[in-house]
Amino acid sequence: MSGSDNDTFQNGSALYLSCGLCCDGVLHSHVPLLPEEIDRAGQQGLSPFARGERYVFLQPCPCYNGTECSIYSKRPNACHAYQCKLLKKYTQGTIGLEESTKLVRTVKHLVLALQTQSGTTSHSKRIWQQIEEYMQDKGGGTAEFRQAYPEFMMDLAMLRVLCKRHFQSRIEQDKDVTG
Ligand code: SF4
């Protein structure tokens, strides 16, 4: 392992910069804010709102520009502290950058494939909401739907498995980044 590889394993920045799944709504539905972060989050365009006893903002995050966080140095504490299962393994050195980025690419490819197949290209809704709306519209969940759209069902099953297995996401639940 080279010196630069060591640096990369320690801070995870190389993987983070190729991912964004914890910002684009694939892994989480919302992010909690500390009380002292609420005003600044509003100024940053995160649209915080009260949810139970705390404030949150929704994902997909409006500050994610498709490749990186546009407020990275001033991102909320929960974003700063969060590490998915894959990032933890990567920073511990138990999985390499090539294998990690391949997993991320596969997940992104599946998301795009599902959006293409369902004709849903919204960047403001979580992929899971897009899929749910599409399936409701088409009578998804029935045997007829599964027979008519086998590729869609296969991609959806694969996406669920990868998100749960490698990112430890409970995607169908209303799950935030603090776990
Ligand atoms: S504020 Fe930045 S790090 Fe946090 S969810 Fe948004 S894009 Fe991601």
Q) Mean separation of Cα pairs under 8 Å and 6+ residues apart, divided by the residue count of the range 41-126: what relative contact order is that in percent? A) 23
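How high is the relative contact order of the chain, in percent, counting Cα pairs under 8 Å that sit 6 or more residues apart?
Details: 207 pairs, mean separation 54.1, N = 179.
After rounding, I find 30 percent.
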Q | Scaled radius of gyration (Cα, divided by 2.2 N^0.38 Å) that the chain gives | A | 1.10
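As a test of the formula, what do you get for the chain when each DSSP H run with n ≥ 4 contributes -39,500 (n - 2.57) and the sum is divided by the residue count, at 222 nm and rounded to the nearest 500 deg cm²/dmol? List each step's numbers first, then the result.
On the way: 9 runs with 91 residues, N = 179.
That calculation yields -15000 deg cm²/dmol at 222 nm.
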Q) Quick one: Cα centre-to-centre distance for the range 18-45 and the range 67-111, in angstrom? A) 15
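Every read-out reported here was derived from the displayed coordinates using simple, explicitly stated rules and does not represent laboratory data. Everything numeric here is computed off the predicted structure, so don't read it as measured data.
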